[in-house]
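The values are calculated or read from the model by the stated rules, or taken from the named source; none is laboratory data. Keep in mind it's a predicted model, so treat the numbers as computed, not measured. Reconstructed Cβ throughout: ideal geometry from the backbone, glycine too, with neighbour counts over all protein chains shown. Remember, those area values only see protein heavy atoms, side chains included, never the ligands or the DNA or RNA. Shrake-Rupley method; radii C 1.70, N 1.55, O 1.52, S 1.80 Å.
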Amino acid sequence: MTEQQWNTVPSRPAPEAATPPARRRVLNRRFALHYAEMVASMFAGMLVFGGLWSSGLALFGRPEVLARDDVGSLVMATTMSAGMAVWMRYRRHGWGPIAEMCAAMYASFAILFPPLWAGLMDGGTVMMLGHVLMFPAMLAVMLRRPEEYSHRH
């Protein structure tokens, strides 16, 4: 046996990689599942951490802080980002992808602040559009690095 043969490890394709189309379907399913998990974790974060924010501000006698539309939407982005970050970290994502995903949450609201401050949009519209924009913003971040979001965790 030659040295090259000795140092070469025979490779076996994974069972799911039998054919390229089958492999692509598996990766697409994982990508879609990951997207759904992140959406669910965002809403879980909103429910859990949103209640903590409200309770904490009430405890300190400052519930009016959330009455400002820009602050309220940033708190909303924070609660959703926290839930998503916890889930992503649990799934062993690095801090870079977590930061990118959280930035997408904040950007979805932040781009709406100038029209809000100019009086061209009300707070309810900012909150609604910010939530709507989060979904394509998350998808855009995921599509930048599909391998990050379609592999097994």
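Structure data summary
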{"item": "Filter pass, Leu116 being of a type outside the set (Gly, Ala, Ser), part of a helix (DSSP H, G or I) and either at pLDDT 95 or above or open to solvent by 30 Å² or more (accessible area, probe 1.4 Å) (or both)", "result": "yes"}
{"item": "Residue count, region 18-29 (criterion: open to solvent by 60 Å² or more (accessible area, probe 1.4 Å) and part of a helix (DSSP H, G or I))", "result": "7"}
{"item": "Matching residues in region 104-113 - criterion: being over 16 Å from Met46 (Cβ atoms) and open to solvent by less than 20 Å² (accessible area, probe 1.4 Å)", "result": "Leu112, Phe113"}
{"item": "Test: Glu37 is of a type outside the set (Phe, Trp, Tyr), part of a helix (DSSP H, G or I) and closer than 30 Å to Glu148 by Cα", "result": "yes"}
{"item": "Matching residues in region 125-153 - criterion: being modelled with pLDDT of 95 or more, farther than 18 Å from Ala40 by Cα and of a type outside the set (A, V, I, L, M)", "result": "Thr125"}
{"item": "Residue that is most open to solvent (accessible area, probe 1.4 Å) [pool: residues in region 30-85 that are without any contact (Cβ under 8 Å) to a residue 60 or more places away in the chain and of a type in the set (Val, Ile, Thr)]", "result": "Val48"}
